[in-house]
1. Let me know the Rg and Dmax you get for the stretch A:177-287 when you use only its Cα atoms, in Å.
2. Dividing the alpha-carbon radius of gyration of chain B by 2.2 N^0.38 Å (N being the number of residues), what value is obtained?
3. Please report the orientation-averaged projected area of the stretch B:256-338, defined via the convex hull of its C-alpha atoms, in nm².
4. Could you rank the peptides B:250-260, B:160-170 by their average count of other C-beta atoms within 10 Å per residue, with the highest value first?
5. Can you give me the distance in nm between label points at residue B:446 and residue B:692, each placed 7 Å from the Cα along the Cα-to-Cβ direction?
6. Taking neighbour Cβ counts within 10 Å as the exposure measure, how do B:567, B:666 sort from fewest upward?
7. Rg (Å, one decimal) plus Dmax (Å, integer) for the alpha carbons of the stretch B:359-440?
8. At 0.36 nm per residue, and after removing the present C-alpha to C-alpha distance, how many nm does the segment from residue A:252 to residue A:45 gain when stretched out fully?
């Protein structure tokens, strides 16, 4: 590691100015739980670290126009401990809870999890299923982008140079809605998803599914929004036949690789199994009075 | 002096209790100093350049650019180390050959594995050292490589060592090969035995290499002086053996090298050998500065010893009433880059739990392009036993005999002749089986997709060279100097307890420390479960010598014959009868006047402990299998083991639990994953999956105590037996749960799910 500058600006404007002056040799740091490991292993050698944890707006969780919005530097534990958010989006919390240990979650952020762009990131399929938007601010102003459009491949995002994800915006929660995220790991914790599945659905008064979103992680170069799988649920009572179709559509959407974490064949099968199990939990949560 | 002290039954006050360990407070407060915690003023940081190739000839190494980098103080390569002839030495349970040791620590003609050291740099900072590694130019001629053991045994396989002709076969082969050595252990007439069998089962098993997985990466600090002396701090299982190996490869006199032990963050057999130590000394010699070297986790995985991956074939026959008539095994073990795997140990443990008239084990030691394997807790035994105990389970099932009953019908007992050599003395195998059968776990109900498995293990345990010293301090407290590293199992506590028992004082009056190599006689490595057995015997011998001196001193002070003085409950008391009466003296009373009545009182012992007691264990495990994902969950686990005598039962239980957990990791998820390029793909704890705490239930333990007649307190040693049975026990439980016998380890979810799908396909 050669000389490196660390800055912790207190305003977004100052952070953007630092990034624009750094010619692409800067990295944005939120929790740092991925970044520091990459630096220590020599994979990246940034000349400037811009720590965004000291920007108050990026640390806030708020209800705006009926929907939740939270800053990209909110830590996982802060989100988990926010009771109203956790009640509205238990599936997002399922994902956030799986990021590292409690100690890691005390530092790690959802913003970092999304921008690190691991195809196996646990909060990402849950956010995609939730229909979350990411608010991005950069030299050319502000834009809101669906989370599924942020990671483009392992370690790569659609962010332009100098841009920062500042917050995540979730839609207003409709009655009779529920979401869930499950991941498969061979251990019980402290591991990385071999397959991840997030399901979010809304029922009408008669119990028919009116809206559904399904997302899969770790089965392609980035987390996928699987509309065919969602379509299998809409208009049904999320019965066994619909769940079978959901599982088949989820498996069909995978484009996995064989790697040290699992085989292709395994990921195809387990994607379907987990999508179904996540849908069953989401269904049960939607049926709860909230 | 006679060095062997036999077992005597007596009332115990300290042995068998559970005091806090002497190293406990330092460890929970962070004060304990492990290898990486030592530093010296002016020290440099050493780093190693490693081969990116699995197999290549080194055409040239140019270090000039690295040497020119400001801050770089020394660079060493093969040119800095002498050629070593073929010369063997014991290192833990395995044997090393210095011709290969020197090549493993620093490549000479060829690199043999991804991660093989080719150069080392010492610089004023770690970042400069890293930068310097990038400036070293190595020209390689990349050669074809071979990773798999069966591939390596094929006649046309890429050859690692051009001069390697298989030992142990006649006539000597006319071509070199990767099969370094073949050994055969045999008793009776196996073919005749199979002719008597009503049931014959033959199966093939495969296991992957697994790493010892110690938490503390190898770390050392070396300081070489201008007059040719060196101090070395290193985290090892045996500082005397590290000293021997370093002195040999560096061509130093042994007395000029002093090795200080550090606290050890786990070893499990993986810290018996030198890696960075001679490089650090050589860099210090060249730079005239102390040099510290700490491995990264990636280096630990790529270059320090895992145990062998293996291919195992087992064939066993038995009569209808469950009596084994013949047993045959072929063990093909990966040795890694250089010969010398644990296959011989594995061969001797394969069938040893059973009383067999006809048995044969063929053991093949095979070189492949992987790191040279190191010992790992009961080296080799779990691999062979996985196969045998799976076949036993299948035979019992086929005959409708309870698996524990089947084993009891064939169990080794006192007087059983083994197929590899000795006849057993008193052993507790049958007791472990009987206690397992009587345990509530064995009859507890099971739910759907749940199953129960049983398996058993045997390990020799060893003795060997050991020294120990006790010094009685002026206030009557005692300092105990031990020469066997406490590999974190709590052996220091056990030694202090035996000394306290002998002296008749409280254990907190005895402070045990680990001496350095210059402060006491030679001690072999802490390996083979020998620590509490051998070092315990040396501690008792040293204490008894001190007690003799105490009695003589009291006899002199009280003016009675020494025969009149008895040592009892921490006091010199009259022996009774006609011998003479006197006022008793406590240890503190004698210590207080020791200086002016002839000098301080000490005892020491230098022994080669013999008569280690074999250990046996029986494991019961319950699993649940998720048939849609292939995930195996361990629901309940019980270890029943004969330990001879548990000096400190809590630390014995810790050994039984730790061994079982490492075995569970081996069974479920741990494996080295290589790419087609021969490069290790998972050199880190994220993707090399050891169990985390929440993966395992509380491991229940039952301690069986059949005393070893060759130890004053009956100790056998207990650390290795518990890793032997888990793989087989879990595989048997999975078979019991879902009716599918898994013969490949690890039983990771992708493998299990594929087996479930294949079985469903076969039925359809």
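The numbers here are math on the coordinates, done by the rules we state, and not lab data. This one's a predicted model, so the numbers in the text were calculated from it and none came from an experiment. Backbone-built Cβ (ideal geometry, glycine too); neighbour counts: all protein chains shown.
1. In order Rg, Dmax, the Cα atoms of the stretch A:177-287 give 13.5, 46 Å.
2. My calculation over the Cα atoms of chain B gives 1.00.
3. 10.1
4. Top to bottom by mean Cβ count within 10 Å: B:250-260, B:160-170.
5. In this crude spin-label approximation the distance works out to 2.8 nm.
6. Ranking B:567, B:666 by Cβ neighbours within 10 Å, fewest first, gives B:567, B:666.
7. Calculated on Cα positions, Rg and Dmax stand at 16.2, 47 Å.
8. 70.6 nm
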